[in-house]
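The values are calculated or read from the model by the stated rules, or taken from the named source; none is laboratory data. Owing to the predicted nature of the structure, the values given are computational and were not obtained by experimental measurement. Positions of Cβ are backbone-derived with ideal geometry, glycine not excepted, and every protein chain shown enters the neighbour counts. Just so you know, the surface numbers come from the protein's heavy atoms only, side chains and all, with ligands and any DNA or RNA stripped out. Shrake-Rupley method; radii C 1.70, N 1.55, O 1.52, S 1.80 Å.
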Amino acid sequence: VQIDSLNTRNKILVAENTEIRHQIKQVRNTNTELSKAREELSDKVEIASVIQAKDITAVALNKKRKETSRITMLDKVRICFTLRENPLAKAGQKEVYMRVLRPDSLVITTSPNNLFEYNKSKIIYSASRVVDYMNQDIEMCIFLDNTGDFVVGTYSVELYLEGNIIGQSTFMLSKK
């Protein structure tokens, strides 16, 4: 009788053990799926939290701060833009980096030490500006003095913020 009782109890325990192992496997699978979903969502939030620039205008200015396209009159380059409202981005001090690329793809810079990180490497920038970003549209301009490195042709302007390219524009300089 005792052996029969123990055998019956053993069968019940084996069935419980099998059921619990099955439940643990289901919970682990659910945890794995939830982890993958969380990673995907955090990647999407990270992408969505990138602050973009809009209404980018790049112009060359003469000494009287009038727009010009003549290289002989060039005193400064002015790049104005609006950092877009983004409620997902963290508010606070942000440094916007600007790169001005000549027609031959060389970056115009005021110092060889003007470096910032982009795609896990250091790249050179022309000028930068720090702004207090409060998750609302904010208009700003960055100026670059004529370093004497300008040549005739079409220039590309790239804007970077927090390791992301946030906007691009072009402007032209001519002899006449």
(request) Hey, could you check the range 151-176 for residues that are open to solvent by 20 Å² or more (accessible area, probe 1.4 Å) and either closer than 16 Å to LYS90 by Cα or not in a strand (DSSP E or B) (or both) and say which is modelled with the lowest pLDDT? (result) LYS176
(request) Go through (1) out of contact with any strand residue (DSSP E or B) (no Cβ under 7 Å at 6 or more places or on another chain); (2) part of a loop (DSSP other than H, G, I, E, B) one by one and return the number of the condition VAL50 breaks. (result) (1)
(message) Take residues that are surrounded by fewer than 16 Cβ atoms within 10 Å (Cβ to Cβ) and in contact with a helix residue (DSSP H, G or I) (Cβ under 9 Å, 6 or more places away or on another chain) and tell me which of the strands (runs of 3 or more DSSP E) falling wholly in the range 62-146 contain 1 or more.
(response) none
